[in-house]
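Sending over a structure as structure tokens; questions will come in a sec.
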Number of protein chains: 2
Amino acid sequence: MPVFVDFSNSSRDLRVLPSFATPLPRLTPQFEAEGSEEKYEVVIAGAGPAGLFLEVLLARYGLSDTSLLCIDSKPTALKSGQADGLQPRTLEVLKSLGLAEEILTEGCQMWEVAFWNPKQAVNSHTTGDVQGIERTSIVPDVAVAARFPHEVTIHQGRIERILEDDLRRYSPRGVQRSSRLTKVSIDEAGDSEFPVVAEIESPTGLRTVRTKHLVGADGAHSLVRRSMDLKLHGETSDFIWGVVDLIVDTDFPDIRRRCAIHSARGSVMVIPRERIATGEYLTRLYVHVQEEVKPDSDTAAEEGVEGVKKSEGKARREKITMESILAQAQEVLKPYYIKPRRPDAVDWWAAYQIGQRVSEHFVKQDSKGVNRVFIVGDACHTHSPKAGQGMNVSMMDSYNLSWKLIHSLHGLTPAHKSGDKILDTFETERQTIAQELIAFDKEFSSMFSGKIGAGDDQESLTHEQFLEVFSTGNGFTSGCGIEYPENLLVEKSGYEGVVHGTDYLSGVLRPGRRLLNVRVKRHADGVRRDLQDDFPSTGRFRILAFTSTDLLTTSGISATSINQISTILSQFPASIIELVILHPLESNTFVWTEIPEAVKTHSEMRFYNGTELEDAYKVYGVDPKKGAVAVVRPDGYIGTIAELKDTERIGEFLKRCLRTL
Amino acid sequence: MPVFVDFSNSSRDLRVLPSFATPLPRLTPQFEAEGSEEKYEVVIAGAGPAGLFLEVLLARYGLSDTSLLCIDSKPTALKSGQADGLQPRTLEVLKSLGLAEEILTEGCQMWEVAFWNPKQAVNSHTTGDVQGIERTSIVPDVAVAARFPHEVTIHQGRIERILEDDLRRYSPRGVQRSSRLTKVSIDEAGDSEFPVVAEIESPTGLRTVRTKHLVGADGAHSLVRRSMDLKLHGETSDFIWGVVDLIVDTDFPDIRRRCAIHSARGSVMVIPRERIATGEYLTRLYVHVQEEVKPDSDTAAEEGVEGVKKSEGKARREKITMESILAQAQEVLKPYYIKPRRPDAVDWWAAYQIGQRVSEHFVKQDSKGVNRVFIVGDACHTHSPKAGQGMNVSMMDSYNLSWKLIHSLHGLTPAHKSGDKILDTFETERQTIAQELIAFDKEFSSMFSGKIGAGDDQESLTHEQFLEVFSTGNGFTSGCGIEYPENLLVEKSGYEGVVHGTDYLSGVLRPGRRLLNVRVKRHADGVRRDLQDDFPSTGRFRILAFTSTDLLTTSGISATSINQISTILSQFPASIIELVILHPLESNTFVWTEIPEAVKTHSEMRFYNGTELEDAYKVYGVDPKKGAVAVVRPDGYIGTIAELKDTERIGEFLKRCLRTL
């Protein structure tokens, strides 16, 4: 356009940069390390997915490099195989951080699972004479409601790289590598505010740091767990599996689907993987190696790592080779052929023994009952990789811990001196999930290692039995059916009659479960939005108000409730509670002056027609005539639910979670 | 998992990096600058959206910093106002480059337009006694089929930053700033291979570079256009508008919707803008300033920039101030109030005069008819910003030019010595669009500057007339209804009866128009995909085959056609044509061995059920019983369409576009 007057305001430099997460307000004094000792508020040991994710979250919430240190013994980020699966719930969480795009577009989306079983003989006279395999069925990989109704497989190293790229926007230091934790202890006598003492071996020598909290994200061998004397419980099975990542050449029809293959000769699981730089696609194979190992006693394998007695270890390791894994896969897939596309087409391989172990405690308190040392990820639970849970559960441990820790450090919790009641819920919630994980994994792995329809022996399973375990486990394995138990942050009773239905997996509101996504239309501008986008992971609590059909009535329940909520908001520090409002009205033509002023004041861009696109009221089980109100925690899980008029319950709940002014 | 054997292949480092676009093969010798002179294959003058986008595209296609130079006279990227609107089609193109995410999530999505007009007096006796404004209707902003059915507004500087971030992944040098083009000429005598001579004023002094091609993306004042003696045609109207970006305080109900407001006191256009770092939202206002200017003669304003005679310029500039623009906006919006939220809440403001001008030619050839110098963007067309077209049409000029230029330089065109026939189509195609743009803008701007329903005078428009222009223009303003004329790359006849219907805006296939997106389900893995994701902007041609219901018949038309297409593919350099295949069968349970082997060979991951999700056959107007085949150009536009069995037509068309082996 031909312009002839032009003026600009220089403060607009910020308009061009990528957006940053808004840090949480800090009500405690800003942290400054005093004295000659190296001191932090939080030290994280280990920068795998659990540790790195925790560092990213804490940095985004507002902890600077002065407060936060993350060390890792390895000199560089991971480049090899290991975990590769992301659950729908993990994808939702990554989306809430703006970190899902590359994973969704560049990862391999798994939408379907194919089940292959021993081929039934055509001639009924020859039952038992099984030859080859055949496809029994193809079912959706994710059978529950989810924003992303599929899993994604992608190299763990790439996820770490994505997390680290984001981290560096908030933390100039990033992960301090080649730095190994050698000793951890709690020494209150030395400094009761920074009682955790960590000895770190760095390239420059041995150093000692003090910290308020230390988080062990240091894997199955966890030094932190051992130093804090936290015991692992569980057992190791006698099943040995091989895993291999490669570019395959095969005529097997479902090589790009997740497959559970049971043949008379053994079992294989196919996990399609992402496209790589050459334009080719990776495939992961899990292969049941036909070799039996005696289970260790709990004592002998207390570290829960090798799962094999040292004396027999070497001999048995030598038996398993890449060739033996591939040969066994080929046996199971007959009559189809499968082989590496080229001699160098194998990316990574490993062998492992299935075991399920979980730590009795996830936290160590000091003498005053303050939660000082935490463990997350593999440090608290180890299990088989078969259900693709490891990286997800580990990252979700950190996700759960992160906001509780920052609320405590920033003085946002009611007992802001120690913040301990909030921090207590970390173990309550995540130990429950770890136990469920271990139980599911045990069942799933044993069934998977068994044979299906191969004969008349009693150990044989039917395909239907297997499918049953697969399907009922879907709520758990998708991450979308996780339900935290009753605790300070989850109020499971007292809202009877407010929510209708019990199909929580399809979205019916339930304290302890995450808020399902729905598509809604915004009042202010008609934009179609995903409701979960109003629940970003910025450490804030949200009140989600379902106004009722009387919204346009000046002194109706909806108006009264919104005004009362407005009063509640004013009792808490600014910006730590956000208000999201839905309405069930058919028309969108009403204007701001026809509804309570508080709607525009607090929620101009968070106020939606909740029935025009998807019917959010129906999905969530809320009666549009009566409405409802819920508190959604910073991690997207429902804390409490109340009648629309019962805002007192909402206020009381929030006062247990957050400090007031 | 407890691992006891672990092996990894170090080549997997690449697995963790972000993906890079696959460069095009180069059949001409690799370029190496010889002699003492500074030489390039392409020089781009100007790094606004048009120039920068061209550089990004060429760098991704494979031109290194040795071959490619982009200079800009400014010392830094744009930080001020200017363009802010992205059309649905531009969003599709950015998506095809993996560059849409930040724009979609951080920009302001405009889904709706509200029309406001003078309030009709309640009492019919007082017709003509108009007081204030009222909302006449709200309609969808984008009324045609599009992958993203909305526009996005976002700071032009941010788009440039996104483009530049991507550029730096391919070009270590990036844009060479503070470097001003001072002279351009064609000197074949001096060096016929590098005949374009450019003089550049850099911080280090004046230097001379030679290049095969030079592209002027140097804006409305274009030195390149003037140096090449390319004439602008058009006129300047007598309407003056002010534009202001600010954070508003208002009770106007539709401030977050795009609004066309006609009042008895004048016109205002509201453009909602993105959320900024403070959490506040920007608004752009276009305000018709009530002051008349005499139109210049074509001669007096040949440069087409100021649109105002120099003699009267100064006096008139002084009349327009930020205060006068805001005061006029306030007048029009009565009875609502509108003001900056704070004294410093105005980001940018400018005043401009509406004018429409277009260059007679977009290209200058040398004496041998080789297209040497091109102009793109504002250098070839200037118009009003009101329809949000500028940045879009400019970037699409570059998008059109980019792949033709690289095909020519890489020797992929049939006449690979000059590549000129392909390059000729740049002007043919983009001049047509520029003319349409100018014509639409003229009509739209005049109507917008007129009054609606304000009285009985003949100049007054009805709301219906205005809405009519708005709606019929939607195909153009969305960018989705663009249709290139018949030319070497667009074959508009000879496919009669293959495609049914003429509702091209809803997706019916049409040579010269872009392929609409549909959702399809992939055969290999059941993944739900957007078909446009198989048409990324990597410079490749694609054959899109709609197989028919006889696909499972060994010697059916589908099988025969796919086999013939396979033969065609083998005649061209590897990887420059990709094959995408749809099938109309209800069942997905058939396996690779039941269909032609060529399907898996060429299209294992590009073969879809075309009816299970959306009915692609219906959308595109293809009869599932007969099928069809089309060529899609590297820019996503249909080149030609043929009967499924008429693969000869496909082969012939491709031979006119690409060299054979």
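Along the three principal axes, how long is the protein assembly as shown when you take its alpha carbons, biggest first, rounded to the nearest angstrom?
97, 74, 65
How shielded is A:256-268 by partner chains, expressed as the average number of their Cβ atoms within 10 Å of its Cβ atoms?
Rounded to a whole number, the mean comes out at 1.
Tell me, what is the percent relative contact order of chain B, built from C-alpha pairs under 8 Å that lie six or more residues apart?
14
Then there's this: From the backbone phi of region A:635-648, what are the Karplus-calculated ³J(HN,Hα) couplings (6.51 cos²θ - 1.76 cosθ + 1.60, θ = phi - 60°) in whole Hz, Gly and Pro given as x?
Per-residue couplings from phi come out as 9, x, 8, 6, x, 8, 10, 9, 4, 4, 7, 8, 5, 4 Hz.
Putting +1 on Lys and Arg Cβ atoms and -1 on Asp and Glu Cβ atoms, find which of A:Gly627, A:Ser558, A:Pro573 reaches farthest to the positive end of the dipole of region A:504-657.
It is A:Pro573.
A follow-up question, please. Rounded to the nearest 0.05, what FRET efficiency do B:Lys492 and A:Asp165 have when you use their Cβ-Cβ distance and R0 = 51 Å?
The pair B:Lys492/A:Asp165 has a calculated efficiency of 0.60.
So if I place +1 on the C-beta of Lys and Arg and -1 on the C-beta of Asp and Glu, and nothing else carries charge, what would the dipole magnitude of chain B be about its Cα centre? I want it in debye, nearest 20.
840
Another question, if that's okay. Once you place label points 7 Å from the Cα toward the Cβ at A:Gln435 and B:Glu134, how far apart are they in nm?
Output for this residue pair reads 6.6 nm.
Calculate the spin-label point distance for A:Gln571 paired with A:Asp344, positioning each point 7 Å from the Cα along the beta-carbon direction, and give it in nanometres.
6.8
Are there GluC sites (Glu not before Pro) in region B:213-295 that DSSP marks as loop and that have at most 15 other Cβ atoms within 10 Å, and which are they?
B:Glu280, B:Glu291, B:Glu292
Which entries in A:Lys95/A:Lys626; A:Lys521/A:Lys625; A:Lys39/A:Lys421; B:Lys212/B:Lys655; A:Lys231/A:Lys421 show an alpha-carbon gap greater than 30 Å? Write down the numbers at each step before the final one.
Values: A:Lys95/A:Lys626 32 Å; A:Lys521/A:Lys625 20 Å; A:Lys39/A:Lys421 24 Å; B:Lys212/B:Lys655 25 Å; A:Lys231/A:Lys421 23 Å.
Correct reply: A:Lys95/A:Lys626.
Considering the dipole of region A:504-657 built from charges on the beta carbon (Lys and Arg +1, Asp and Glu -1) around the Cα centre, which of A:Asn517, A:Leu613, A:Ser537 is farthest to its positive end?
My answer, from the dipole projection, is A:Ser537.
Using a cut-off of 11 Å between beta-carbons, work out the net charge of the residues near B:Lys334 (Lys and Arg +1, Asp and Glu -1, B:Lys334 not included). Provide the component values of the computation, followed by the final result.
Numbers: positive: B:Lys119, B:Arg265; negative: B:Glu331.
Within the 11 Å Cβ shell, the charges total +1.
So how far, in whole Å, is the C-alpha centre of region B:517-568 from the one of region B:384-424?
Between the Cα centre of region B:517-568 and that of region B:384-424, the gap is 27 Å.
Related question: For the modelled label position 7 Å from the Cα of B:Phe590 along Cα-to-Cβ, which residues of region B:533-554 have backbone nitrogen atoms closer than 16 Å?
Zone members listed by number: B:545-554.
What does the charge count near A:Tyr484 come to, summing +1 for each Lys or Arg and -1 for each Asp or Glu among other residues with Cβ under 12 Å from its Cβ? The partial results should precede the final answer.
On the way: positive: A:Arg430, A:Lys492, A:Arg510, A:Arg513, A:Arg514, A:Arg633; negative: A:Glu427, A:Glu429, A:Glu436, A:Glu483, A:Glu486, A:Glu491, A:Asp635.
Charge balance in the 12 Å sphere: -1.
Enter the accessible area of A:Tyr336 (Å², nearest 10), with the probe set to 1.4 Å and all protein chains included.
Looks like 50 Å² after rounding.
Label-to-label distances across copies for A:Glu280, with labels 7 Å out along Cα→Cβ, in nm, shortest first?
In nanometres, ordered from closest: 5.6.
Go ahead and estimate [θ] at 222 nm for chain B from helices alone: -39,500 (n - 2.57) per DSSP H run with n ≥ 4, summed, over the residue count, rounded to 500.
Rounded to the nearest 500, it is -8000 deg cm²/dmol.
Here's something else I'd like to know. So the label point sits 7 Å from Cα along the Cα-to-Cβ vector; using that for B:Pro29, what distances do you get to the other copies, in nanometres, sorted shortest first?
Distances to the matching label points in the other copies: 7.4 nm.
In region A:522-624, what GluC sites (Glu not before Pro) fall in a loop by DSSP, with at most 15 other Cβ atoms inside 10 Å?
Answer by residue number: A:Glu586.
Can you tell me the dipole magnitude for region A:504-657 around its Cα centre, using point charges on the Cβ only (Lys, Arg +1; Asp, Glu -1), in Debye to the nearest 20?
My answer is approximately 480 debye.
Given the C-alpha centroids of region A:575-604 and region A:101-117, what is the distance between them in whole angstrom?
When both Cα centres are located, 39 Å separates them.
Then there's this: If you place +1 on the Cβ of every Lys and Arg and -1 on the Cβ of every Asp and Glu, how big does the dipole about the Cα centre of the protein assembly as shown come out, in debye to the nearest 20? Intermediate results must be reported in sequence, preceding the final value.
Values: 154 positive and 186 negative charges, 210 e Å.
Charge dipole of the protein assembly as shown: 1000 debye, to the nearest 20.
Near the amide H of B:Ile133, under 5 Å away, which other amide H atoms are found, from residues 5 or more places off or on another chain, if H is placed in the peptide plane?
For B:Ile133, the qualifying residues are B:Lys119.
Between copies, how far apart are the A:His500 label points? List them in nm, one decimal, shortest first, with each point 7 Å from Cα toward Cβ, please?
4.4
Give me the distance in nm between label points sitting 7 Å out from Cα along the Cα-to-Cβ direction at B:Leu613 and A:Tyr337, one decimal.
3.4
Chain A: which residue's Cβ hugs the A-to-B rotation axis most tightly, distance rounded to whole Å?
Looking at chain A's Cβ atoms against the axis toward B, the nearest is A:Glu101, 2.
The values are calculated or read from the model by the stated rules, or taken from the named source; none is laboratory data. If you're wondering where the values come from, they're calculated on a predicted model, not measured in any experiment. Every residue, glycine as well, gets a Cβ built from its backbone with ideal geometry; the counts of neighbours run over all protein chains shown. Only protein heavy atoms, including side chains, enter the accessible area calculation; ligands, DNA and RNA are left aside. Shrake-Rupley method; radii C 1.70, N 1.55, O 1.52, S 1.80 Å.
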